[in-house]
Amino acid sequence: MFENDAAEFQAYLNDLHRQHQSLTSGRVADYIPELAKANPDWFSICVATVDGQVFTTGDADQLFTIQSISKVFVQGLALEDHGRDYFLTRVGVEPTGDAFNSIVLDEQSKRPYNPMVNAGAIATTSLIKGDSPTDRLNRMLDMFRRYIGHDIFVDISTFTSERTTGNRNRAMAYLMYNFGMIDARIEEALDLYFQQCSIMVDCRDLAVMAATLANRGINPITRERAVAPNYIRDILSVMYTCGMYNFAGEWAYKIGLPAKSGVSGGIIVVVPDQIGIAIFSPLLDPRGNSVRGVKVCEAISEYFDLHLFDSSMGCRTFLQRLSHPTR
Ligand code: GLN
């Protein structure tokens with residue numbers, strides 16, 4: 001078995017990258033030209049530890065739009081702005097077997113099912129506080145900056161394309177407005193949602209963001225707090241049950257870790273108190289998850305026994321083994 005010192009862990013990641021590079025099934029998202037331009041060969045696996053080590057492979061600094069992975073972090077900001085009780089009156093936490101863009105609300109409560117499907121994410125974004133649209137955008141950008149550790153920007157052409165083609169999202173927003181689940185500033189909430197999806201990140205950034213969640217909300221590189229620690233459990237439980245679209249149940253069963261994927265090919269995975277894992281590969285399966293990303297996560301989870309309910313090695317000892325090669 002693996003004697004995990006840092007060099008050996010890097011070699012393990014390099015091998016994993018090499019082994020999965022040959023997987024070329026799946027399709028790049030093409031609902032807007034900016035995503036269709038993605039190179040199907042792009043591939044990176046990055047891991048950041050809660051004590052600030054970062055391991056990278058492949059195209060770790062290739063920029064891409066964060067897309068649905070943003071939903072996780074905006075949920076944290078909305079919780080900070082309103083508290084758990086109010087948040088739950090607007091957005092549920094129930095998984096749905098439906099696709100991420102389904103236009104279905106809970107029949108009784110009229111709430112969107114959870115903050116990871118588009119309807120729930122739009123309702124969540126509409127809760128972000130601020131004095132003006134610019135103020136709300138800036139608060140959101142500042143929140144992402146704290147997780148990533150450096151300034152970030154919104155890709156204007158992706159944002160414009162999302163806005164011009166986003167009529168399905170617009171329909172969901174109007175439906176929620178009809179039921180009093182979001183307020184009248186519909187176009188503004190949608191703009192903010194399209195902007196959050198269009199934030200540029202690279203795979204290394206995503207690993208640090210995931211490690212910040214693993215580290216109870218403190219960025220392990222900058223040591224800055226990104227989110228209040230009491231909302232980490234809200235975020236991770238929703239990621240665990242709803243993060244992988246309509247593959248979430250199988251993911252929880254097989255891989256057993258909170259995760260979130262996005263249509264540009266990113267996946268983040270959180271091993272609480274240990275590491276954040278990020279994979280970037282734009283080839284997607286029919287549910288919208290990165291094909292290589294899912295396979296790589298299966299491999300890592302199995303290799304290190306990271307499934308939350310299976311701990312023959314135990315995820316708690318992972319970091320110890322990384323920093324003490326002789327164990
Ligand atoms: N911008 C996309 C949308 O709202 C995000 C989709 C995704 O990553 N699943 O449709």
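Observations on the structure shown:
- For the chain, the relative contact order is 26 percent, taking Cα pairs closer than 8 Å that sit 6 or more residues apart in sequence and dividing their mean separation by the residue count.
- Largest-first principal axis extents, alpha carbons of region 239-287, Å: 30, 21, 14
- Exposed-loop-free span, longest in the chain, where GluC sites (Glu not before Pro) count as exposed if DSSP calls them loop and at most 16 other C-beta atoms lie within 10 Å: 108-223
- Relative to one another, the C-alpha centroids of region 189-204 and region 74-136 are positioned 16 Å apart.
- Taking region 8-58 and dividing mean pair separation by its residue count, relative contact order in percent (alpha carbons under 8 Å, at least six apart): 36 percent
- Cα→Cβ-extended label distance, 7 Å offset, between GLU302 and ASP61, nm: 3.4 nm
- For region 59-150: rounded, prolate or oblate by the Cα gyration tensor [a/c cutoff 1.5]: oblate
- Projecting the Cα atoms of GLN10, SER22, CYS46 onto the charge dipole of region 1-52, computed from C-beta unit charges around the Cα centre, puts SER22 farthest toward the positive end.
- For the options GLN108, GLN274, GLN75, a Gaussian network treatment of the chain with springs between C-alpha atoms closer than 10 Å singles out GLN108 as fluctuating the most.
- Trypsin sites (Lys or Arg not before Pro) restricted to DSSP loop in region 17-69 with at most 13 other C-beta within 10 Å: LYS37
- Footprinting exposure proxy ranking of LEU213, LEU308, LEU283, LEU77, fewest other C-beta atoms within 10 angstrom first, gives LEU308, LEU283, LEU77, LEU213.
- Test item: Cα-centred dipole of region 1-116, Lys/Arg +1 and Asp/Glu -1 on Cβ, debye: 480 debye
- nm² value of the averaged projected area, convex hull over the Cα atoms of the chain: 15.0 nm²
- Computed over region 1-133: relative contact order in percent, which uses C-alpha pairs under 8 Å that are six or more apart: 17 percent
- Global form of region 127-185, assessed from the alpha-carbon gyration tensor, a/c cut-off 1.5: oblate
- Report summary: the helix-based calculation at 222 nm, which adds -39500 (n - 2.57) for every DSSP H run with n ≥ 4 and divides by the residues of the chain, gives -14000 deg cm²/dmol.
- Shown here for region 71-154: chymotrypsin sites (Phe, Trp or Tyr not before Pro) in loop regions (DSSP other than H, G, I, E, B) with at most 11 other Cβ atoms within 10 Å, namely PHE153.
Readers should treat all values here as calculations from the given coordinates under stated rules, not as data from a laboratory. These figures come from a predicted structure and were not determined experimentally. Here Cβ is always computed from backbone atoms with ideal geometry, including for glycine, and neighbour counts include all displayed protein chains.
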